[in-house]
Amino acid sequence: MTAPPALPAKWHPLVRGFLDTPGAAQRAVHRFGSPVHLLFPQVFADNLHRLQRVLDAQVRRYRICYAHKANRSRALLRTGEYAGIAVDAASPQELAAAVGAGFTADRIEVTGPKGESFLRQLVGTGVTINVDNLWELDRIADLARGHTRVPVLLRVSGFPAAGVSRFGVPLAEVDAALAVLAEQRPWLAFRGFSFHLDSGELGERVAAVQECLALVERACARDLSPSVLDIGGGFRQVFTADADRFDGYVAALRESLRGRGEPMAWGGNTFGFHLDDTGVRGTPVFHKYANTVPATGMLADLLAAPLDAHGGRTVAQVVAENLLDVWLEPGKALVDHAGITVARVEFVKRAADGSVLVHVDLSRDTVTPADQEVMVDPVVLPGPSGAGSGGAPVGVFFAGRLCLERDLITNHKVWLPGCPRSGDLVVFPNTAAYHMDLSAASASMHPLPPKLAVLHRDGGYRVCRDIEYDPVAAVAESDRAVPGAGGRL
Amino acid sequence: MRYDHITDLIGNTPLLRLDPAVHGLPRVQLYAKLEFFNPFGSVKDRVAWGMLRDDLAGIVAGGRTLIEASSGNTAKALRILGALHGVGLRAVTNRIKVTEVRELLQLFGTEIEELPGLSECPDPTTPNDVYSVIEATMARSPGTYQHLSQYTNEKNIEAHYHGTGREIHEDLARDGIGGVDYLIGGLGTTGSTRGTATYLRKHNPELRTIAVVSERSDFVPGIRSETELWDVGLFRPDFYDRIVPVTAARAVDATVELATGHGVLAGPTSGAAYAAAREVLAAETAGDGPPVVAVFIVCDRLEPYLSYLRKRRPDLFGRTAARVPAPTAAELAAVPVLSPAQLADLDATARPTIVDTRGAMAYRIGHVPGAVNIRDDQLDDMFAQGIPFSRSRPLVFVCPVGDASTRFAALARRAGFDAMGLAGGVVAWRDAGRPLESAPAADLRG
């Protein structure tokens, strides 16, 4: 008999080690309750080092701004602060958290659309404002006039052949923005151009870099002196441990949508596929879970990409010789594999169509970003009654705790080695990037799950409240980054 | 030979027997079906003409425009065939990854709609796959477009059944070869392998059909990875005896071998097919046994893929001109370097030649006043021929931070020049508060 379709998760060795430590997850749940989010700051630091290695190899001067929006965790924020990087805050609350975690104004960049009150709060603090639109630019100049000079980046969008974006200044309006920057020079300190793409397509990023370089030249013609090129975030994660098995699962799912083989979708879910007389086609909403190219590979490829408008010189070369610092805003790439979510099985039941529903004490929005289907298999750990959920593999859907028909944590069937029992723990892998916080609501007055930080030290694991995690105590002095080393800004 | 219309030249392409001493498969008679002999240069000429021929009069009469999911050979053939009759083409594609292919389509006046890359956070209510976009475009303007649909149109298969497959069979039959044992071809729409193999199976039911696909998340122009094939309406996985993935790197190597070993100047898809043919046949015809007849399809010519090949294997495009040996550590250490103030003094007294080694944009934005701009890679080329500067003046190289300038100064000193570098490069010059001269992009229009 062939193995049932599966979506095996990639695990960071540190996280794998925690789950393999008998009783470790169970003790955390016993102490802090279920459900719970667990963060692994050392994985964050590991991801950071990998990105820094790529940048060190190609770029003279750069700045990494951790996109705090990926996760509310203070432990991860503190880890970034301690490592000496900068932060990208997208709300007054994130800004307050960053300041509270020790980031000074010169290491804070504020992104996203900002309203009147947030702008008032920002002007005069010295943080860099990544400007979304002309209204914002005018308001900042008005608010600063006569008493302060505000460092600003200009986010631009609407690159040729890219999807339309609701963020940024359209290319056609950049001249108007440069006019404001030149006229209001005493109050606006123009640092450079910024973009962020919704797509992971390399060609689109290269085209955006090339457009921004042309804008740099236009800015210089107005005697502005941009020194920063901010290439945004959007560097992908790798969720799957086995791309072939992932593809095999999707193939089986597509067959099942055509009515062949065992049903694999809850209700009428088609996951963004289109069904017609020619078959099942289109791109599923979960396509990013199939990715096998790590963030480091994407970044290295971008920096090494040749630019047609510059005689084939690479992005890294042109940036360096124009004395531009590269800024980037990785969020998910830094928190990739740095978090898991643990819930408890309440009960297992059968639906009228015969589907097996494993109910957990968690809702879909707490492990699923923007309602996307998460295509990576959770792992079941035995509960207090011990191992024993043996038997044959069983295909189940995980159901949430809300009284809402759509509160299914998986709308696709997950095969488990045996049927879970009440009290077993379900571990959802790699949930640190947006899965925990982006959509989580406190419907039915359920509180949001607490966050814990897990520290691997001396061969064991220590768990504390996320808010109490201290990287200074956690990291041996010898591991500490040397300030001023390399080109890190 | 005389023809009355270019479409008369579609099909009847040559079948070339490849030298076993070169392909190294002693038991195999390996033939290449040279589809680049079609008039517009590819196997797709058959498909485009096969899909269009019967409907052409109606399309012309209705004043309709062709719309097709293609970023390559099918679009090119459809565009030319349509242009001959005043019919336009709108090609809807994911990003065209080969520069020359895009430029050819532009040259012929193709409307190209390139879809933006997939969102990392997609919304199922706004699909941006090619087929949905074509359907929506057609629904918005009823009667405007004709969609021949190469990925689902059975005429795609028929063109190869009645053409490619029949021709191979008849050419071999004339030589007394009754049946083909292996057919190897790349999978794009799957039309060529399905049509050709179906015909050949009539004469040898034991034919083994080997499909060539690109490795997952790798890119070989014209063929798809196996998962990408799930979106191809004509794709029947069970039709093939084997589906062989080939990496872009292997495809490129085999492309070069085809050209230099057999004189077949074919594109990378054909290279992939050649690589797969050798891999499969080497394994399946090892040891003694009866002779085996195998045919693989050569889809198109090499030339439009130079940029693709250069990107994958820049080493194959290395400059052949003799490079000057790199400076030694001692030579580098002996280079005098100037501070910004010393360079300014020198400039005031000795008329130095100042060479800025950065790219054009950096030079335009700001350079040491009086410097000329010769990019580092151009300097390397020039130095291989001799150093094009006056010996009667001091020579100062300027780069971003002072490393490249030291290297060039060392090479120039080796040739007897009074050469120096600016310590710390343009950065140091700027940070010392020295003026930078700018050179706005020239507008040479009249």
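Each reported figure results from applying straightforward, stated rules to the coordinates on display, with no laboratory input. Since this is a predicted model, take the numbers as computed values, not measurements. Glycine also receives a Cβ, built like all others from the backbone with ideal geometry; neighbour counts cover every protein chain displayed.
The simple spin-label model puts a point 7 Å past each Cα toward its Cβ; for A:Asp301 and A:Asp361 those points are separated by 4.4 nm.
Could you tally the net charge around A:Arg281, taking each other residue with its Cβ under 10 Å from the Cβ of A:Arg281, Lys/Arg +1 and Asp/Glu -1?
-2
Annotation: amide H of B:Tyr145 within the under-5 Å range of B:Thr65, sequence separation 5 or more or interchain, hydrogens built in the peptide plane.
Figure legend: label point modelled 7 angstrom from the Cα of A:Thr104 along Cα→Cβ; residues of segment A:65-90 with amide N under 16 Å from it are A:81-87.
Peptide A:12-18 has a mean of 0 when you count, residue by residue, the C-beta atoms of other protein chains within 10 Å of its C-beta. The Cα atoms of chain A define a convex hull whose projected area, averaged across directions, is 25.3 nm². Distant-in-sequence amide contacts of A:Tyr66, defined by a placed amide H-H separation under 5 Å and a gap of 5 or more residues or a different chain, comprise A:Ala86, A:Val87, A:Asp88. With each label modelled as a point 7 angstrom along the Cα→C-beta vector, the A:Gln121-B:Asn12 pair spans 7.9 nm.
For the cross-link pairs A:Lys10/A:Lys114; A:Lys69/B:Lys311; B:Lys76/B:Lys202; A:Lys114/A:Lys451; A:Lys288/A:Lys413, the ones whose C-alpha atoms lie over 30 Å apart are A:Lys10/A:Lys114; A:Lys69/B:Lys311; B:Lys76/B:Lys202. I need the shape label for segment B:1-61. Rule: rounded when a/c is under 1.5, else prolate if a/b > b/c, else oblate, with a, b, c from the alpha carbon gyration tensor. Verdict is prolate for segment B:1-61.
Projecting label points 7 angstrom from Cα along Cα→Cβ for B:Val372 and B:Val22 puts them 4.7 nm apart. Shape analysis of chain B places it in the prolate category; the axes a ≥ b ≥ c from the Cα gyration tensor give an a/c of at least 1.5, with a/b above b/c. Rounded to whole numbers, the Karplus 3J(HN,Hα) couplings from phi for segment B:176-190 are x, 9, x, x, 9, 8, 9, 10, 10, x, x, 9, x, 8, 6 Hz, using 6.51 cos²θ - 1.76 cosθ + 1.60 with θ = phi - 60°, and x at Gly and Pro. Note on A:Leu402 and B:Glu170: with the Förster distance fixed at 45 Å, the Cβ-Cβ geometry gives a FRET efficiency of about 0.05. Each residue of segment B:9-24 was assigned a 3J(HN,Hα) from its phi angle through the Karplus expression (A = 6.51, B = -1.76, C = 1.60, θ = phi - 60°), giving 8, 6, x, 6, 7, x, 10, 9, 7, 8, 5, x, 5, 8, 7, x Hz with x at Gly and Pro. When the Cα positions of A:Ser442, A:Gly400, A:Tyr469 are compared along the charge dipole of chain A, A:Tyr469 comes out farthest toward the positive end, with charges on each C-beta of Lys, Arg, Asp and Glu. For segment A:133-288, the alpha-carbon coordinates run over 71, 29, 27 Å along the three principal axes, in decreasing order.
If the segment from B:Met138 to B:Asp403 were pulled out straight at 0.36 nm per residue, it would be longer than the present Cα-Cα gap by 89.6 nm. Computed from phi, the 3J(HN,Hα) profile of segment A:113-119 under the Karplus parametrisation 6.51, -1.76, 1.60 (θ = phi - 60°) reads x, 10, x, 4, 5, 5, 4 Hz, with x in place of Gly and Pro. Annotation: amide H-H contacts under 5 Å for B:Asn373 (H modelled 1.01 Å from N, sequence separation of 5 or more, or interchain): B:Asp356.
For chain A, the relative contact order is 22 percent, taking Cα pairs closer than 8 Å that sit 6 or more residues apart in sequence and dividing their mean separation by the residue count.
Against chain B, whose longest principal axis is taken from its Cα atoms, helix B:248-262 shows a tilt of about 80°.
Annotation: for a label point projected 7 angstrom from Cα along Cα→Cβ of B:Leu316, residues of segment B:219-251 with backbone N closer than 18 Å are B:219-223, B:246-251.
For segment A:1-122, the spread of Cα positions along the three principal axes, ordered from largest to smallest, is 62, 41, 29 Å. Residue-normalised convex hull volume from the C-alpha trace of segment B:174-321: 135 Å³ per residue. Ranking B:Val368, B:Leu332, B:Thr357 by Cα position along the charge dipole of segment B:330-387, where only Lys, Arg, Asp and Glu carry charges on their C-beta atoms, puts B:Val368 farthest toward the positive end.
In this structure, A:Thr292 and B:Asp4 have a Cβ-Cβ separation that, at R0 = 56 Å, corresponds to a calculated FRET efficiency of about 0.60. Taking a ≥ b ≥ c as the square roots of the Cα gyration tensor eigenvalues, with a/c under 1.5 meaning rounded and otherwise prolate when a/b beats b/c, else oblate, which class fits the protein assembly as shown? Oblate.
Averaging Cα coordinates gives a centre for segment B:349-373 and one for segment B:30-65; these two points are 54 Å apart. Equivalent ellipsoid of segment B:78-142: semi-axes from √(5λ) of the C-alpha gyration tensor, largest first, are 25, 17, 6 Å.
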